[in-house]
1. As a test, work out the antiparallel percent of DSSP beta bridges whose residues both lie in the chain, rounded to the nearest 5.
2. Rg and Dmax of the chain, using alpha carbons, in Å: what are they?
3. Taking every pair of Cα atoms in the stretch 19-93, average 1/r, invert it to obtain the Kirkwood radius, and report Rg/Rh to two decimals.
4. For the cross-link pairs LYS82/LYS163; LYS45/LYS136; LYS82/LYS152; LYS45/LYS151, which exceed 23 Å when the distance is taken from alpha carbon to alpha carbon?
5. Once you treat every alpha carbon in the stretch 141-210 as an equal point and sum by Debye, what is log10 I(q)/I(0) at q = 0.11, 0.12, 0.18, 0.23 Å⁻¹?
6. For LYS5, go through the aspartates and glutamates and keep the ones whose alpha-carbon is under 12 Å away, minus same-chain ones fewer than eight residues off.
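Just so it is clear, none of the values below were taken in a lab; they were calculated from the coordinates. Everything numeric here is computed off the predicted structure, so don't read it as measured data.
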Amino acid sequence: MVGVKALLLDLDGTLAETEELHREAFNRAFREAGLPFSWDRPLYKALLEVTGGKERIAHFLRSFPDAPRLSEEALTRLHQRKNALYEALLREEGAPLRPGVRRLLGEAREAGLLLALVTTTSPENARAFLETSGLKGVFHLVLAGDIVPHKKPDPAIYHLARKELGLGEGEGVAVEDSRNGLLSARGAGFPVLITPGLYTADQDFSEAQGVAEHLGEPGHPARFLQGPRAGERGVVDLDYLEEVRGWWST
Ligand code: XBP
Ligand code: MG
């Protein structure tokens, strides 16, 4: 018997490896605006500590020597342009779903679980992603960007998800790829399964109920690194989510 009522997933790094497209879009926006810097991978990895693209640019400008002073308005315009460039890149190049994502969403929907997308990225980026990935209409609830006053690792967005879905503590399982996501979901009373991504593989996930390489596909099993091990198939399925839920304690 599966008692888990909801599955909540993060977007960037969890549904797909989108951060390289975000990074490219930031750099194109900086070039267009004549700004004298570009973010390479090691720098971007450090900057991902700050969630939200606008907040990330503002944080970088504060620490960049001789950074141009941008008004709040200029910063907003720069970030909007970055998002337009991101959407164009997404539509040109796409971002393939990580292994097991489409399968698990299908199984969860079939079993009547509530599905939520819980992301710090801007709503227009989430919308474009859902369209280009063929996941439009799959989620019962989409929470994104500034819908809450403080982004992950603050638990506000997961608290809102709990309220909107009418869930008690530990009744849904969150899937995240980052420590910021883990802290946010856990802080709102969700057991968390981590599937580490390109930029987050070496983060501390010790408080997570489970860590798996990815969600796994039949014929492409995942390695299970912490918490429950999957059965023979080596995939995260509803029984596995129930086990993750069982590892939750307050
Ligand atoms: C990851 C993020 C986002 C994107 C940039 O979000 O931190 O900020 O890097 O998106 P999540 P915006 O993993 O929660 O999906 O520029 O639209 O803010
Ligand atoms: Mg993420």
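1. About 20 percent, rounded to the nearest 5.
2. Cα radius of gyration and Dmax of the chain are 18.0, 60 Å respectively.
3. 0.93
4. LYS82/LYS163; LYS45/LYS136
5. -0.24, -0.28, -0.63, -0.99
6. GLU169, GLU171, GLU242
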